[in-house]
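What follows draws every value from the coordinates through simple rules; no lab data is involved. Since the model is a prediction, treat every value here as computed from it, not as a measurement. Cβ coordinates were reconstructed from backbone atoms using ideal geometry, including for glycine residues, and neighbour counts include every protein chain displayed.
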Amino acid sequence: MTRTALVTGGTRGIGAAIGRALKASGYRVAASYHGNDTAATKFKMESGIPIYKWDVGSFDACTEGVREVVADFGPIDVLVNNAGITKDSTFHKMTPEQWSAVVNTNLGSLFNMTRQVIEGMRIRKFGRIINISSINGQKGQFGQVNYSAAKAGDIGFTKALALENAKGGITVNAICPGYINTEMVQAVPKDVLEKSILPLIPVGRLGEPEEIARAVLFLAAEEAGFITGSTLSINGGQYMA
């Protein structure tokens, strides 16, 4: 049986690698995005994966977006909640907009997206929900109270939803990447990367998006049905929870 997977934030970085890996493994894949039309179009042309544009921070937009994907592909079997943003600031200088935007996109989107697919998964007695959290949701990070709070919330969301759906053939798991070689990390000044980041990673290098994608493939598989409510840390040993 060919399963259908939807990856949010799926046209760049980790999301793009996840979509490509799922497609290569035989899944029907759709990717959603919100901001960068140029990058999304390039991803579609290179990967052959259909793209859909909506704001995962809006429940109504998610309703319409998922409806369109289902019309094109059929019911969604695998949902990868990968979309996320940062608006960094020390807390005493953080604005309400910085707080709300990050929490709504990085945590609220899990409700907005998962609510669209969970009932169908329960009816069909199968589903895989994989939430991309972060090492900073596990350990915290200076200047990222909003981001760390949202990503920690992703882990709590994962555990509670896993309990509610464990008997229905639906697994819910979280992945917490560390520093991954994406555009965001590549934008960090080289001296900062070499002096302040890499020394904290015991394996001595950044992770690659494809390494996160392989973990998603593992959790999405039919054979992974006994793994639910788990948090998988992929951070090169930087933080061991």
Q.
Given (1) within 24 Å of residue 17 (Cβ to Cβ); (2) free of Cβ contacts under 8 Å to residues at least 60 places away in the same chain; (3) loosely packed, with under 15 Cβ neighbours inside 10 Å; (4) in contact with a helix residue (DSSP H, G or I) (Cβ under 8 Å, 6 or more places away or on another chain), identify the lone condition not met by residue 125.
A. (1)
Q) When region 205-228 is examined, which residues are found to be buried (at least 17 other Cβ atoms within 10 Å of the Cβ) and assigned to a loop (DSSP other than H, G, I, E, B)? A) 206, 228
Q. Which one of these does residue 74 not meet: (1) at positive phi; (2) without any contact (Cβ under 8 Å) to a residue 24 or more places away in the chain?
A. (2)
Q: Taking only region 46-67 into account, find how many residues are closer than 17 Å to residue 120 by Cβ and among the aliphatic types (A, V, I, L, M).
A: 1
Q. Applying the selection to region 187-203, what residues are touching a helix residue (DSSP H, G or I) at 6+ places or on another chain (Cβ under 9 Å) and loosely packed, with under 15 Cβ neighbours inside 10 Å?
A. 188
Q | Set 132, 155: member being in contact (Cβ under 8 Å) with a residue 60 or more places away in the chain and within 18 Å of residue 15 (Cα to Cα) | A | 132
Q: Would you please list the contacts, defined by Cβ atoms under 8 Å and residues six or more apart or on different chains, that run from a residue in region 220-241 that is farther than 14 Å from residue 180 by Cβ and in contact (Cβ under 8 Å) with a residue 40 or more places away in the chain to a residue that is part of a loop (DSSP other than H, G, I, E, B) and among the charged types (D, E, K, R)?
A: 220/3
**Q.** Criterion violated by residue 241 - all others in (1) farther than 20 Å from residue 83 by Cβ; (2) of a type in the set (A, V, I, L, M); (3) in contact with a strand residue (DSSP E or B) (Cβ under 9 Å, 6 or more places away or on another chain); (4) not in a loop (DSSP other than H, G, I, E, B) satisfied
**A.** (4)
Q) Can you tell me which residues in region 22-46 are within 18 Å of residue 72 (Cα to Cα) and in contact with a strand residue (DSSP E or B) (Cβ under 8 Å, 6 or more places away or on another chain)? A) 22, 23, 27, 28, 29, 30, 31, 32, 33, 44
